[in-house]
Amino acid sequence: MFKSRMNWKISDIFREDYDSQTTVLNPAIEQLVLARQLATAESLDTFAKEETIHHDPFLFSEMSKIITRINEAIDEGQPILIYGDYDADGVTGTSILVRCLRELGALVDYYIPNRFYEGYGPNEDAFMQAIADGYQLVITVDNGIAGVDEAEILLEHGVDLIITDHHQVKETLPRAYAILHPELDENYPFHHLSGAGVALKVAEALLQEVIPEDFYAIAMLGTIGDVVPLIDENRSIVKRGLAALRETEIEGLNAMMDLAGTEKSEVTEVNVGFELCPRLNAPGRMDEAALSVECLIAESEEEAKLIADQIESFNSERQKVTQKVLEEATKLVDAKTLAKKKVVILYSPNWHEGILGIVAGRLAKQWQKAVFVVTDDHEGFLKGSARAVEGYHLFELLNKCQDLIERFGGHALAAGITFAPENLQALEDKMNELLQEVEVTPSLQVDLSLPLADLNISFVEQLSILAPFGEGNRPPVIELKNVYVKNVKPIGNKLQHLKFTLYQEKHSVDVIAFNQAPLAMYLTPDTLFSFVGEAKINEWNGNRSVQFHFIDVLCNEFQFIDLRNRQAYEQRKDQLQLATTYTNAAEIDDIETLVINQLPSSKEELMTLITRKKPGNIVIAPLESNVTFAPREKFVSVYKVVKQHGPITLNHQMINYFMRLGISKNELLFILQVFFEVELVIIKNGSVFPTDSVTKRDLAEAPTYQSQKAKLEMLEFFELTTWSELKTTFKTAREEMTHES
């Protein structure tokens, strides 16, 4: 048996009797489109034709007021400051407005606060400097809605503040000239724009019919980078932005793609998420985020390449630092301790603050737990980031621990936190105590459950109509039930990945399981599994085939895992640390995995244990052969020597004599012990005396003879029985009824 890491929530959207609304889409995919609200029944044809969704920017209640004020500043030569943020969403939104306003002839500059000494959002010092520098209009991008006190500073000095934001709204709104926030505006039909998306709507309203497609490319980067739901207008921004990026003339983006090795003509949302957005984030994580803005607004190829080189350097440094911290953090907790905890806090005084969220996210995903990664903030506190997986709610959990925390913020699966060093252990203990009785099982939404026969190239190609994929519109997760596994093979430079084949009747599909090498031990033959994963098209040497990308696996059958081979056991033994060994199995009631790591006294003892405990899995480790036994003719030879020449002394000379007769020292000691137990000899002070007994004695009556013979039979049982025969034997024993008084 193999438990899934996550709780699979199988969608019930698929109905075989569904009346398809189009002749274009597979009925299962059509139902998925409707369930994700990517289209309505009435707009399915439009969706299938890949037409875009675009909302008029003037649907925002205050857009006309905002555009009038910006145009007034342009006409009168009033300096405008764009106040952005240090992440990918903030720098892209800032770049859009700077580019737009410069095209319109505005006197505009920008400011990005420093992550490390200013933090997120408006700050008093920066606003006071803006006043001193003579700015008469400040426009925030991707921040500002929480800056109630800071807004008062500009108001008092006669500087107009326009807030464009999309973050969580507090009870009190800042007193600003105007606020553009999708969630606050009932007139705007879509509430999930990113900060860059909101900035794009301002640019659209300013430029109206002549907006450059490159603005969509920049907004797409922010939309993907901020992980907002890729539905409705966001999905259209990303689709249009990807198309624009493939043709972009923005020198900074071209330079970044060259350095990242991104194929410009074939760029996808995956390239953006894993290659471009991390680079846009890197300067803000390691030093100053303004460098990313400079790259996006650079006008010459030479300048863009120079800045892109600097960003690449920051990204390389970020990768190295992240890997170093990841390795150090992993070593701070062992497997047994980790298994007992639902929340882990990892601390080191010198970790780089800018990458703590990345490390926490990777470990949370790897361990399927809530992980806090913290370091010194150089002001006497510990500061860091937390990440969790589905099933947790970090904000609610931290809310119950406020007595141990200086400040925190976040949501269900991500949080930032600051607390006193002396509270570290108490905080971790309290969070684990709060979750002690709570069943925290990460959940996984499974979109479709399909027979293997349905997973063909045509179906998988049609799934791509749901793209671009991202938050709120993830690649569909598919369940393949009751399939068998064959051809399991480790791959990768460190053999860290697995490749194998699933088959069901005459149908099969190749599977790739990244970083799942330990899983190989459990992919036993002749065993039914259910797998969940994503379906992709694999192209190799001109051939196209379906490839299934593994996410999770479940097995409800009893499994027998054969690790009798010493090399196989050495490779897998670390994965068995939490298993029950045969040594202490009798004392444990609920045995998930039983490791037979020593030779049982008898087959009857082994089968009785299996029948009573009914372990979910049985693993056989290499069994040390310390069994000594001897055939009847050797017993006769030893007895003749003792009878004719006794007493004999067990010295070196006598032992060598028996060795010349083909009897080893261990065999000699075994035979003499058996003779002693059936009273054929007396052993005293290192000498062996024959007895006067004339009664014929059965050697099998000796306890030593019985014990060693039983062990020999067990050793032969394990060495000579095939995997299939052993599995059948153990399975039969598990299914027998126990009759205990």
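The values are calculated or read from the model by the stated rules, or taken from the named source; none is laboratory data. Since this is a predicted model, take the numbers as computed values, not measurements. When we count neighbours, we look across all protein chains shown, and the Cβ atoms used for this are built from the backbone with ideal geometry, even at glycine. Remember, those area values only see protein heavy atoms, side chains included, never the ligands or the DNA or RNA. Shrake-Rupley method; radii C 1.70, N 1.55, O 1.52, S 1.80 Å.
List of remarks:
- Dipole magnitude of region 1-146, debye to nearest 20 (Cβ charges: Lys/Arg +1, Asp/Glu -1, about Cα centre): 520
- Rg to Rh, two decimals, where region 309-425 supplies the alpha carbon set and Rh follows Kirkwood: 0.97
- By the equivalent-ellipsoid construction on the alpha carbon gyration tensor, region 100-235 comes out with semi-axes of 24, 18, 15 Å, ordered largest to smallest.
- Each peptide in 229-235, 84-90, 273-279 gets a packing score, the mean of other Cβ atoms within 10 Å over its residues, and the list from highest to lowest is 84-90, 229-235, 273-279.
- Principal axis dimensions, region 182-227 - Cα atoms, whole angstrom, descending: 27, 24, 11
- Each residue of region 447-452 was assigned a 3J(HN,Hα) from its phi angle through the Karplus curve 6.51 cos²θ - 1.76 cosθ + 1.60 (θ = phi - 60°); the sequence is 7, 9, 10, 10, x, 4 Hz, with glycine and proline shown as x.
- Once backbone amide H atoms are built at 1.01 Å from N, ILE80 has LEU107, VAL108, ASP109 as its partners under 5 Å, excluding neighbours fewer than 5 places away on the same chain.
- Backbone HN-Hα couplings from phi across region 104-114 [Karplus 6.51/-1.76/1.60, Hz, Gly and Pro as x]: 8, x, 6, 8, 10, 9, 9, 9, 10, x, 7
- Candidate lysines for bridging to LYS640, where Cα separation is under 26 Å - those fewer than 8 sequence places away on the same chain excluded: LYS665, LYS684, LYS696, LYS709
- Structure-based [θ]222 nm, the chain - -39500 (n - 2.57) summed over DSSP H runs of at least 4, per residue, nearest 500: -12000 deg cm²/dmol
- Bins of 5 Å, starting at 0 and running to the largest distance - Cα pair percent for region 467-616: 2, 8, 15, 18, 16, 14, 11, 8, 5, 3, 2, 1, 0
- Average projection, convex hull of the Cα set of region 243-400: 11.4 square nanometres.
- Cβ-derived FRET efficiency at R0 22 Å, ASN565 paired with SER601, nearest 0.05: 0.35
- Where region 628-741 is the region considered: accessible area per residue in Å², 1.4 Å probe: 64
- Debye equation applied to the C-alpha atoms of region 411-451, log10 I(q)/I(0) at 0.14, 0.17, 0.25 Å⁻¹: -0.55, -0.70, -1.04
- Paired Rg and Dmax values of region 697-741, which use every Cα atom, in angstrom: 15.1, 41
- If R0 is 56 Å, the Cβ-Cβ spacing of THR418 and SER458 corresponds to a FRET efficiency of close to 0.55.
- Here the accessible area is traced with a 1.4 Å probe on the protein chains. For the chain, carbon and sulfur cover 47 percent of it.
- Reach of LYS506 by Cα under 18 Å, taken over lysines that are not fewer than 8 positions away in the same chain: LYS481, LYS486
- 0 to 90° range, to nearest 10: angle between helix 301-330 axis and the chain longest Cα axis: 30
- Accessible surface calculations at 1.4 Å, restricted to protein heavy atoms, place region 93-160 at 41 Å² per residue.
- Per-selection Rg to Rh, region 411-534 - Cα, Kirkwood hydrodynamic radius: 1.10
- Amide H contacts of TRP8: LEU444, each under 5 Å away and 5 or more positions distant or on a separate chain (H built 1.01 Å from N in the peptide plane; Pro and chain starts excluded).
- Rounded tilt (10° steps) of 632-645 against the dominant C-alpha axis of the chain: 50
- Size descriptor, Kirkwood hydrodynamic radius, that averages inverse alpha-carbon separations across the chain, Å: 31.1
- Couplings for region 67-78, taken from phi via the Karplus curve 6.51 cos²θ - 1.76 cosθ + 1.60 with θ = phi - 60°, read 5, 4, 5, 5, 5, 4, 5, 5, 5, 9, x, 7 Hz in order; Gly and Pro are left as x.
- Proportion of all alpha-carbon pairs of region 607-679 beyond 19 Å (%): 48
- When both region 618-663 and region 459-519 are represented by their alpha-carbon centers, they are found 58 Å apart.
- Prolate is the label for region 17-146, because the ratio a/c of its alpha-carbon gyration tensor axes (a ≥ b ≥ c) is 1.5 or higher and a/b is greater than b/c.
- Principal axis box of region 249-309, alpha-carbon based, largest edge first, Å: 28, 26, 15
- Peptides 385-395, 678-688, 692-702, 177-187 ordered by average Cβ neighbours within 10 Å, highest first: 385-395, 177-187, 678-688, 692-702
- Of all DSSP beta bridges in the chain, antiparallel share, percent nearest 5: 55
- Of all lysines in the structure, the ones whose alpha carbon falls short of 18 Å from that of LYS340, not counting any fewer than 8 places away in one chain, are LYS3, LYS331, LYS365, LYS369, LYS430.
- Overall, region 598-729 carries a charge dipole of about 80 debye about its Cα centre when +1 sits on the Cβ of Lys and Arg and -1 on the Cβ of Asp and Glu, all other atoms neutral.
- Whole-angstrom gap from region 117-132 to region 417-451, using each part's C-alpha centre: 36
- Crossing angle, helix 424-434 versus the chain [Cα axis fit, 0-90 degrees, rounded to tens]: 80
- Assuming charge only on the beta carbon of Lys and Arg (+1) and of Asp and Glu (-1), the dipole of the chain about its Cα centre is about 5800 debye to the nearest 20.
- Protein heavy-atom accessible surface, 1.4 Å probe, per residue over region 257-319: 46 Å².
- Positive-pole candidate from PRO189, HIS157, VAL98, dipole of region 78-226, charges at beta carbon: VAL98
- Between the listed residues MET256, GLN577, VAL373, the Cα displaced farthest toward the positive end of the dipole of the chain, a dipole computed from Cβ unit charges relative to the Cα centre, is found at GLN577.
- The separation of region 12-59 from region 535-614, counted between C-alpha centres, amounts to 44 Å.
- Cβ crowding within 10 Å averaged over residues, with 140-153, 208-221, 512-525 ranked highest first: 140-153, 208-221, 512-525
- Modelled FRET efficiency - R0 22 Å, GLU437 with ASN584, Cβ distances, 0.05 increments: 0.20
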